[in-house]
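Student: One structure is given below, represented as structure tokens, and several questions about it will come after.
The values are calculated or read from the model by the stated rules, or taken from the named source; none is laboratory data. Predicted, not measured: the structure shown is a model, and the values here were computed from it. Cβ atoms come from the backbone with ideal geometry, glycine included; neighbour counts cover every protein chain shown. These area figures cover heavy atoms from the full protein model, side chains too; ligands, DNA and RNA do not enter into them. Shrake-Rupley method; radii C 1.70, N 1.55, O 1.52, S 1.80 Å.
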Amino acid sequence: MKLTSLPAGLLVGLLIGLFLLPSCAHAACATATQALNEEGYVRIGGIEQWVTVKGRSCANPVVLMVHGGPGNPMSPYSAKLYGAWEQDYTLVQWDQRGAGRTYARNPPAEGETLTVERLAGDGNEVAAYIAGHLGKRKLILMGSSWGSILGVHMVKARPELYAAYVGTAQVVNGTADQAGSYAAVMARARSLNDQDVIGKLAPLGTPPWTNPRNFGILRRAIRKYEGQRTEPAPKTWWQAEAQYATPQALADYEAGEDYSFLQFVGMKGDGMASRVDLPALGAAFSVPVFLVQGEEDLLTLPARTRRYYDSITAPQKDYVTIPRAGHDPNQPMVDTQFKLLQERVRKLAQ
């Protein structure tokens, strides 16, 4: 069954069990001005994966957004964070293998593991499907945090699919980034004489760690300190849309989040994060690269992302910093991303 444009407000119950299947080019767009409002499952990497396609006009450039986490799909929240972008761009959200509705549709078998390479391969399959489905030659690829790891792997493996790569809170090396983050947070705690944070972090010692709980302890301290220097995101951003807010949908989201987190850190510090080393993929990119970085980010430190940016070569590149922004999305971050798309990236996809 082919997924067609859906009228706004269509009950999600009509979509359960609906599949997006590979179709001929231009299948979704009868006219250039046609609006797009699609959601359903696409056969990707041998399993059914949840994809949404939203935009005011088929003529607009397409942005494939690769979510972070891993295990934190943005599909439940996209309308609140990025809904205004749909006037100028067609936005594609994808619940990755092991996350959100994809996790719900495909509960992992006991002992099943995730790998960066497998997820990046899935992402490129999504991109190729969307390009054919919408009749686009190339997409804009956006990845944030965990999504920035997949984003670099994706654009390195299949550069012909993309007009540009936009990375936010860019990860560089999983082990080194974590050690740098730990040192920065401990320095902040000591400068503030914050005995609560010192008491929680000091016993952990410097990463790498073998206890999967340690990363969560560090992450809570990061959010505490970033919250003191950044503009908070509106609470309404994190209220899931109705179809994603049923008890079952929320339980599935949480289960996927837990599964993916353990895959990321590993039970003995041997998860996906321990094998992330983007410089090892090579410094040369064949597509334009734009990195967006919150100045107060304590998880992917600006000094580390800047060194990575300085090391790479690309047809075009730019590094944009955001005052009053940390690792997680807030209004300054979303505004900066949109401004960059409008001023530097949009023309590359037309």
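Student: Report the convex hull volume per residue for the chain, counting only C-alpha atoms, in Å³.
Tutor: Expressed per residue, the convex hull around the Cα atoms of the chain is 128 Å³.
Student: On to the next question. I'd like the accessible area for Asp88: 1.4 Å probe, protein heavy atoms, all chains in place, Å² to the nearest 10.
Tutor: We get 40 Å² for Asp88.
Student: Tell me, what are the semi-axes, in whole angstrom and largest first, of the equivalent ellipsoid of region 105-181 as set by the roots of 5 times the Cα gyration tensor eigenvalues? Write out the running numbers ahead of the final one.
Tutor: Numbers: eigenvalues 113, 74, 16 Å².
The three semi-axes for region 105-181 are 24, 19, 9 Å.
Student: In sequence order, what are the phi-derived ³J(HN,Hα) couplings for region 286-295 according to the Karplus relation 6.51 cos²θ - 1.76 cosθ + 1.60 with θ = phi - 60°, rounded to whole Hz, with x for glycine and proline?
Tutor: Once θ is set to phi - 60°, the couplings for region 286-295 become 9, 10, x, 10, 10, 10, 10, 9, x, 5 Hz.
Student: When averaged across all projection directions, what area in nm² does the alpha-carbon convex hull of region 68-204 cover? List each step's numbers first, then the result.
Tutor: Values: hull surface 45.5 nm².
Over all viewing directions, region 68-204 projects a mean Cα-hull area of 11.4 nm².
Student: Also, I was wondering about something else. Only Cα pairs within less than 10 Å get springs; with that Gaussian network setup on the chain, which residue of Gln337, Gln248, Gln170 has the largest fluctuation?
Tutor: Fluctuation is largest for Gln248.
Student: Once the convex hull of the C-alpha atoms of region 250-308 is built, how many Å³ does it hold per residue, rounded to a whole number?
Tutor: Cα-based convex hull of region 250-308, divided per residue, equals 150 Å³.
Student: Further, regarding this structure: Nothing charged except the Cβ atoms of Lys and Arg (+1) and of Asp and Glu (-1): what's the magnitude of the dipole of region 250-331 about its Cα centre? Round to the nearest 20 debye. Kindly include the intermediate steps, with their values, before the conclusion.
Tutor: On the way: 7 positive and 12 negative charges, 97 e Å.
Dipole size: approximately 460 debye.
Student: Where the centre of each part is set by its Cα atoms, how far does region 183-230 sit from region 274-313, in angstrom?
Tutor: Value for the Cα centre distance between the two parts: 23 Å.
Student: Which one of Gly294, Gly69, Gly123 has the biggest mean-square fluctuation once the chain is modelled by GNM with Cα springs under 10 Å?
Tutor: Checking each option, the largest mean-square fluctuation is seen for Gly69.
Student: Using a Gaussian network model of the chain with C-alpha springs under 10 Å, which one of Pro159, Pro203, Pro107 is most mobile by mean-square fluctuation?
Tutor: Pro203
Student: Calculate the dipole size of region 15-138 relative to its Cα centre from +1 charges on Lys and Arg beta carbons and -1 charges on Asp and Glu beta carbons; express the result in debye to the nearest 20. Could the numbers behind the result be given before it?
Tutor: On the way: 11 positive and 11 negative charges, 65 e Å.
Magnitude of the dipole: close to 320 debye.
Student: Along the principal axes of its C-alpha atoms, what lengths does region 188-242 span, in descending order and rounded to whole Å?
Tutor: Principal axes ranked by extent give 42, 28, 15 Å for the Cα atoms.
Student: Using only Cα atoms, locate the centre of region 155-173 and the centre of region 50-109, then give the distance between them in Å, rounded to an integer.
Tutor: About 17 Å separates the Cα centre of region 155-173 from the one of region 50-109.
Student: In square angstrom, what is the accessible area per residue of the chain with a 1.4 angstrom probe? Show your work: numbers first, answer last.
Tutor: Working: 14640 Å² over 350 residues.
Averaged over the residues of the chain, the accessible area is 42 Å².
Student: Let me ask something else. Toward the positive end of the charge dipole of region 253-350, about the Cα centre and with charges on Cβ (Lys, Arg +1; Asp, Glu -1), which of Met267, Ser311, Gly294 goes farthest?
Tutor: It is Ser311.
Student: Counting only protein heavy atoms, what percent of the accessible surface of region 185-342 is carbon or sulfur at a 1.4 Å probe? All intermediate terms of the calculation are to be shown ahead of the outcome.
Tutor: Numbers: 4240 of 7860 Å².
Solvent-exposed carbon and sulfur of region 185-342 make up 54 percent of the total.
Student: Next question. For region 270-350, run through the trypsin sites (Lys or Arg not before Pro) and keep only the ones in DSSP coil with at most 15 other Cβ atoms within 10 Å of their Cβ. Mind dumping the intermediate values first?
Tutor: Working: sites: Arg275, Arg304, Arg306, Arg307, Lys317, Arg324, Lys339, Arg344, Arg346, Lys347; in loops: Arg324.
Of the trypsin sites (Lys or Arg not before Pro), the ones in loops of region 270-350 whose Cβ has at most 15 other Cβ atoms within 10 Å are Arg324.
Student: When you take every Cα atom in region 25-84, what is the radius of gyration, and what is Dmax, the widest Cα pair distance, in Å?
Tutor: My reading of the Cα-based Rg and Dmax gives 12.9, 36 Å.
Student: Specify which residue in the list Gln195, Ala104, Gly143 is farthest towards the positive end of the charge dipole of the chain, using unit charges on the beta carbon of Lys, Arg (+1) and Asp, Glu (-1), about the Cα centre.
Tutor: Gly143
Student: Continuing with the same structure: If all Cα-Cα distances of region 17-126 are sorted into 5 Å bins from 0 onward, what percent lands in each bin, rounded to whole numbers?
Tutor: Distribution as computed: 2, 12, 21, 25, 18, 13, 6, 2, 1, 0 percent.
Student: Additional query: Along the charge dipole of the chain, which of Ala164, Gln178, Trp237 sits closest to the positive end, that is, farthest toward it, with unit charges on the beta carbon of Lys, Arg, Asp and Glu (+1, +1, -1, -1)?
Tutor: Checking the options against the dipole of the chain, the answer is Ala164.
Student: In addition: Hey, got the Cα dimensions of region 296-350 along the principal axes, in Å, largest first?
Tutor: Result, largest extent first: 35, 29, 13 Å.
Student: Another one. Given all pairs of different Cα atoms, what value in angstroms does the Kirkwood hydrodynamic radius of region 231-350 take? Please list the in-between numbers first.
Tutor: Values: mean 1/r = 0.0579 Å⁻¹.
Hydrodynamic radius (Kirkwood, Cα pairs) of region 231-350 is 17.3 Å.
Student: Another question, then. Taking one equal scatterer on every alpha-carbon of region 147-191, how large is log10 of I(q)/I(0) by Debye at q = 0.25, 0.29, 0.34 1/Å?
Tutor: So the normalised log intensities are -0.87, -1.00, -1.13.
Student: Can you list which of the DSSP-assigned H helices in the chain have a Cα extent of 18 Å or more along the long axis and an average Kyte-Doolittle score of at least -0.5?
Tutor: Details: long enough: 116-134 (27 Å, 0.18); 174-191 (26 Å, -0.19); 213-229 (25 Å, -1.27); 247-265 (27 Å, -0.19).
The qualifying helices are 116-134, 174-191, 247-265.
Student: Hey, got the dipole for the chain? About the Cα centre, +1 on K and R Cβ, -1 on D and E Cβ, debye to the nearest 20? Each step should come with its number before you reach the end.
Tutor: Numbers: 35 positive and 32 negative charges, 116 e Å.
With only Lys, Arg, Asp and Glu charged at Cβ, the dipole is about 560 debye.
Student: Could I ask something else about it? Mind ranking Arg105, Arg219, Arg213, Arg229 by accessible surface for me, highest first, 1.4 Å probe? Please report the intermediate quantities before stating the final value.
Tutor: Numbers: Arg105 80, Arg219 30, Arg213 175, Arg229 105 Å².
Result of the area sort, largest leading: Arg213, Arg229, Arg105, Arg219.
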